[in-house]
Amino acid sequence: MLLYASTIFLSAFLLFQIQPMIAKMILPWFGGSAAVWITAMLFFQTALLGGYVYAHWAVKKLSSRMQTAVHGALLLASLLFLPVAPSLSWRPEGSEEPVLRILGLLSVSIGLPYFLLSSTSPLIQAWYSRKKREALPYRLFALSNLASLLGLLAYPFAVEPLTTLRQQSMGWSLGYAAFAVLAGAAAAASGRGAGTEPVAPVSEAAGGQGEAPTMRDRLWWLALSACASTLLLAVTNHLTQNVASIPFLWVLPLGLYLLTFILTFDFEGLYNRRVFAWLVSAALAAMCFGLTQWNSKTRLLIVIPVYAAALFIVCLFCHGELVKRKPSARYLTSFYVMLSVGGALGGVLVGVVAPRILKGYFELPAAMAAAAVLLLLVLQYRAWRWTLAVGWAAAVIVFFAAWQYVTAYAESARVMSRNFYGVLRVTEDDVATEDESRTMVHGTVIHGRQFMAPDRRREQISYYGPDSGVALAFREFSCRPMRTGVIGLGAGSLAAFAKPGDLVRFFEINPLVERLARSEFTYLDDCRGRAEVALGDGRLSLEREQGEAYDLLVVDAFSGDAIPAHLLTTEALEVYFRRLRPGGILALHITNTHLDLEPVVAGLAAAGRKDAVIIRNDEDEDREIYSATWALLSSKPLSPSLVQAGSRPRSRAGLRTWTDDYNNLFQIMK
């Protein structure tokens with residue numbers, strides 16, 4: 001029992017440690033997009049399904065000795081993947097399909113180890129149920145989920161703040177080698193003394209003679225697991241699109257999801273259908289209120305707990321119903337296969353289907369509607385009058401709120417489109433007046449605004465007003481033609497600063513942004529100098545670029561829904577200053593609702609021995625100018641006019657300088 005429990009515990013711990021670790025490793029390669037985690041989750045859930053199918057096949061088709069031989073060979077082969085790290089050959093050039101590339105990258109980097117870790121829990125539970133016929137193995141499933149939860153929580157609170165990515169890779173690889181030894185020993189113990197014939201069914205003493213599950217049972221398993229998985233990913237998407245792609249906001253929903261497995265499978269009396277009918281109705285109503293009433297400025301101390309609590313309650317309902325419908329131990333591998341099929345289905349719906357068929361982030365209201373329908377279906381068979389009425393009321397509220405949210409989201413947009421990098425909308429204000437304007441919105445964050453009257457198209461507005469830090473930086477080179485590089489296109493607002501003879505070269509990772517900047521705005525066409533757009537990650541593009549250096553480099557990628565931390569490390573600064581002329585200026589746009597990037601800039605400036613100043617400008621609603629914070633850095637002393645216009649960056653004690661191998665967004669949340 002100790003061998004089996006230790007193997008399951010270590011495998012589950014490693015399984016959920018590698019998830020945020022490998023996702024953080026590849027996050028910079030895809031622009032820091034929040035969709036990287038959702039796509040990675042699709043891989044994890046699909047690989048989990050593969051592991052469960054393998055366990056089911058091995059138990060049903062192979063003798064004990066053959067199981068030992070096959071599993072041992074796979075364990076030995078998986079050691080060739082160590083130490084785990086993404087290969088640089090998979091780093092994108094700029095035009096590749098991100099979803100397919102991420103799935104391929106993860107497959108070749110951690111595919112076989114992750115597959116074997118996934119198969120461990122159902123496989124060892126099956127072995128245990130054969131050898132210990134007096135007990136059912138479902139508590140080992142709860143132990144597996146407990147270890148998974150501990151692995152998840154350890155990453156943002158202990159592993160990430162204290163270790164570099166390289167140290168994480170080596171530590172995880174050593175842990176996996178220990179797991180391989182334990183798993184090999186468990187396989188050998190299971191096969192010891194067994195024959196070469198296929199394994200006989202589990203005995204009645206172990207609960208093996210229960211009724212075979214019907215197709216209806218399997219559909220319930222699929223629907224309940226898919227609903228929980230879809231809601232998990234939809235809530236994660238909803239949180240990360242407005243905050244940042246950080247492991248804390250990845251693991252919080254997933255940790256709560258795993259906790260519901262632990263509670264329902266280890267404490268079966270916890271779930272009461274009548275009580276949870278009321279709780280689920282209240283949870284769905286709370287999410288409806290948030291969906292329709294809250295925006296990106298609502299405090300995270302309100303948003304995160306409400307959505308987390310609602311997710312927790314709905315997942316308790318789904319998994320509690322699964323426990324009530326679980327089969328005897330004889331059919332446990334097929335039960336786990338259906339659970340993993342449902343989990344993978346949720347990943348496909350949110351990670352693949354939704355970005356292609358939905359123009360906005362509508363998967364959350366869809367998942368809420370699915371949960372309301374499932375609640376009604378459950379209550380139809382246990383028709384307590386008042387609880388059934390509450391279920392119907394919750395369904396009506398959910399469908400009304402979903403309709404209101406989708407309608408308001410779509411009606412406010414002149415154009416709306418979506419791809420891997422998120423949802424882009426172009427909205428209009430004051431149509432047919434001299435103040436008519438268009439705004440590019442990424443998620444809920446403005447990425448550029450323009451007046452549409454011909455005589456006002458070049459006005460410097462939004463974050464780029466005449467007194468903004470970037471405007472002052474442009475003035476430093478006003479007496480001669482200048483070359484400017486800009487990471488982040490948006491609506492193309494910075495093209496308005498160009499003079500005849502100037503070059504403004506934009507680096508943009510999202511092709512949809514360029515399409516809308518050219519079709520819905522005129523900054524690029526109206527540029528008095530020369531405006532160019534290069535598709536691809538800005539830092540990677542600058543590393544590959546040859547030719548004349550820039551007078552000014554602008555990094556305008558920190559105000560959106562995902563913070564690309566790889567653009568704000570010591571190695572990134574080295575790239576920027578290699579592409580700047582002596583005396584050139586680096587301008588960093590660090591305006592952000594939820595993250596305090598100023599101490600990070602202070603640390604980088606000190607480490608790189610750069611002169612730095614922070615320039616803030618106030619909001620002016622009459623002129624459509626937003627408050628903005630810019631950091632200006634240079635290898636030479638900045639001019640007195642720039643120094644007088646701002647202040648020195650504020651440092652923070654204990655904050656480590658960010659590098660490609662270490663950064664922690666959780667530490668700088670406001």
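Coordinate-derived values only; no laboratory data. The shown structure was predicted, so the numbers you read here are calculated from the model rather than taken from an experiment. Using ideal geometry, Cβ is built from the backbone for each residue, glycine included, and neighbour counts are taken over all protein chains shown.
Values computed for the structure shown
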| item | result |
| --- | --- |
| Overall Cα dimensions of the chain, principal axis frame, Å, largest first | 89, 58, 41 |
| Low-density loop cleavage sites - trypsin sites (Lys or Arg not before Pro) in the range 357-451, where at most 11 other Cβ are within 10 Å (DSSP) | R382 |
| Cα→Cβ-extended label distance, 7 Å offset, between L219 and S412, nm | 3.9 |
| Additional length obtainable on full extension of the chain from A286 to F400, 0.36 nm per residue less Cα span | 39.7 nm |
| Cβ-derived FRET efficiency at R0 30 Å, V108 paired with K61, nearest 0.05 | 0.60 |
| Gyration tensor (alpha-carbon) shape descriptor, the range 245-290, a/c threshold 1.5 | oblate |
| Rh (Kirkwood; distinct C-alpha pairs) - the range 1-71, Å | 14.4 |
| DSSP bridge orientation in the chain - percent antiparallel, rounded to nearest 5 | 60 |
| Segment D526-A77, length gained on full extension (0.36 nm per residue, minus Cα span) | 155.7 nm |
| Electrostatic dipole magnitude of the chain [Cβ: Lys, Arg +1; Asp, Glu -1; Cα centre; debye, to 20] | 2200 |
| Computed [θ] at 222 nm, helices only, for the chain once each DSSP H run of length n ≥ 4 contributes -39500 (n - 2.57) | -18000 deg cm²/dmol |
| Using θ = phi - 60° and Karplus 6.51 cos²θ - 1.76 cosθ + 1.60, couplings along the range 337-354 (whole Hz; Gly, Pro as x) | 4, 5, 4, 6, 4, x, x, 5, 4, x, x, 5, 5, 7, x, 10, 6, 4 |
| Compactness of the range 558-650, expressed as Rg and Dmax over alpha-carbon positions, Å | 13.5, 41 |
| For the range 1-209, convex hull volume per residue from C-alpha positions, Å³ | 119 |
| Sites R581 and E211, calculated FRET efficiency, Cβ-Cβ separation with R0 56 Å, nearest 0.05 | 0.10 |
| Cα gyration tensor shape for the range 459-668, rounded if a/c is under 1.5, else prolate or oblate | rounded |
| Sites T593 and M170, calculated FRET efficiency, Cβ-Cβ separation with R0 41 Å, nearest 0.05 | 0.65 |
| Pairwise label distance in nanometres, W294 with F267, each label 7 Å out on the Cα-Cβ vector | 2.6 |
| Positive-end residue of L256, L48, P481, charge dipole of the chain with Cβ unit charges | L48 |
| Using θ = phi - 60° and Karplus 6.51 cos²θ - 1.76 cosθ + 1.60, couplings along the range 298-308 (whole Hz; Gly, Pro as x) | 5, 4, 5, 5, 9, 5, 4, x, 5, 5, 5 |
| Stretchable slack from E543 to A393, in nm (0.36 nm times residue separation minus alpha-carbon distance) | 48.3 nm |
| Pairs from K499/K636; K61/K324; K24/K499; K326/K359; K24/K610 whose Cα-Cα separation, in the structure shown, is over 31 Å | K24/K499; K326/K359 |
| Cleavage-rule hits, chymotrypsin sites (Phe, Trp or Tyr not before Pro), the range 380-425, DSSP coil, Cβ neighbours within 10 Å at most 12 | Y381 |
| Where only C-alpha atoms are counted, convex hull volume of the range 387-519 per residue in Å³ | 146 |
| Peptides ranked, highest mean first, by Cβ atoms within 10 Å: ranges 339-345, 183-189, 614-620, 487-493 | 487-493, 339-345, 183-189, 614-620 |
